[in-house]
1. Please find, in a Gaussian network model of the chain (springs between Cα atoms separated by less than 10 Å), the residue of VAL68, VAL255, VAL149 whose mean-square fluctuation is greatest.
2. From largest accessible area down, sort ARG21, ARG15; use a 1.4 Å probe on the protein chains.
3. Got a number for the accessible area of LYS231? Probe 1.4 Å, square angstrom, nearest 10.
4. Counting only heavy atoms of the protein chains, get the accessible area per residue of the chain (1.4 Å probe) and round it to a whole Å² value.
5. Taking all protein chains together and a probe of 1.4 Å, list TYR250, TYR286, TYR23 from the most accessible to the least accessible.
6. Using θ = phi - 60° and the Karplus curve 6.51 cos²θ - 1.76 cosθ + 1.60, what whole-Hz ³J(HN,Hα) does each residue of the stretch 149-161 get, with Gly and Pro shown as x?
7. Keeping the other protein chains in place, figure out the carbon and sulfur percent of the accessible area of the chain, with a 1.4 Å probe.
8. Assigning unit charges at the beta carbon (Lys, Arg +1; Asp, Glu -1) and nothing else, what dipole magnitude in debye, to the nearest 20, does the chain show about its Cα centre?
Amino acid sequence: MPDVPQRPRLLEQVRNAIRRRHYSRRTEDTYVGWIRRFILFSDRRHPRDLGAPEVTAFLNDLASERDVAAATQNQALSALLFLYKEVLSMPLPWLDGLERAKRPARLPTVLTVEEVERLLAQLHGPRWLMASLLYGAGLRLRECLKLPVKDVDFGYRQILVRNGKGGKDRITMLPASVAAPLQAHLERVRVLHERDVAEGFGDVELPDAIARKYPRAPYEWGWKFVFPSHKRSVDPESGAIRRHHVYENYLIRGVKQAVRAAGLAKHVSCHTLRHSFATHLLEGGYDIRTVQELLGHADVSTTMVYTHVLNKGGRGVSSPLDRITASRA
């Protein structure tokens with residue numbers, strides 16, 4: 001009697017379903033993580049034996065006992081909806097008893113132009129280039145990390161961001177002040193790439209089926225990361241030895257150190273530079289639709305938050321104390 005092929009384990013089925021839809025690696029890891037937590041919360045019972053009441057109990061526990069942010073609870077909900085609809089073919093009914101985590105109305109931290117100058121002055125080499133692109137082009141951290149050489153257009157002074165948040169492509173500017181240092185950096189990176197190829201390495205993981213359609217494409221210079229890692233590593237899926245992009249903590253830690261060295265009291269992260277990019281463009285008189293396109297926001301209401309943090313002090317209202325001081329003067 002022939003052997004019956006074993007059905008993949010649940011989490012492997014989840015990973016396969018996600019990859020068929022070409023979701024990002026980060027989404028894959030996040031969804032699998034939440035599904036694993038749901039199974040543990042439910043005493044290791046199979047999700048096929050559970051349903052809306054157990055999902056609701058898990059999500060309510062996140063909101064009431066774990067006190068997670070609204071975005072975190074929504075992330076867990078998305079993972080479980082995907083599990084039941086796309087993997088188990090058991091779409092969940094509306095979760096009437098769901099206790100939603102409250103989403104606080106918080107404004108983003110924004111640096112002044114002088115504070116950005118102080119911060120960038122504490123960074124050097126690739127870290128300075130990366131932080132300059134976050135602020136000067138409005139890139140997200142992972143968009144900067146995954147940027148390939150071919151998507152930097154020095155002729156038109158623009159950067160093509162592919163597969164950004166929400167799977168969207170967009171074009172943003174390449175700051176003129178960064179062009180020459182970036183070209184010099186790429187010359188050094190190209191030497192590194194040519195050395196990798198000479199030593200039998202030098203390929204890069206390509207999206208979708210491009211590698212099958214163009215077998216030599218993974219070795220081409222244009223597909224290389226603008227900011228490659230200083231060492232090669234083993235791809236956990238294919239086992240291939242490649243030079244990936246720098247790890248995100250490379251810049252995160254660099255920015256934190258620069259914030260301390262610059263003496264900035266504000267809570268600053270890499271994303272603060274993107275917030276500052278948008279706010280300073282609006283301060284410079286650029287219309288909000290232009291800023292929306294450069295940031296890649298699907299809805300202009302997301303961009304509108306920056307109109308509330310413009311450097312106008314109390315939404316442009318003069319303090320009565322200042323009027324008293326002015327009248328005495």
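1. VAL68
2. Greatest to least solvent exposure: ARG21, ARG15.
3. That residue has around 120 Å² of solvent-accessible surface.
4. Heavy-atom accessible area per residue stands at 60 Å².
5. These residues rank, largest area first, as TYR286, TYR23, TYR250.
6. Per-residue couplings from phi come out as 4, 5, 9, 9, 9, 6, x, 8, 6, 8, 10, 9, 8 Hz.
7. Here carbon and sulfur together make up 52 percent of the probe-accessible area.
8. 260
The values are calculated or read from the model by the stated rules, or taken from the named source; none is laboratory data. On a predicted model such as this, the values are computed, not experimentally measured, just so you know. Glycine also receives a Cβ, built like all others from the backbone with ideal geometry; neighbour counts cover every protein chain displayed. Just the protein is used for accessible areas: all its heavy atoms, side chains included, with ligands, DNA and RNA removed. Shrake-Rupley method; radii C 1.70, N 1.55, O 1.52, S 1.80 Å.
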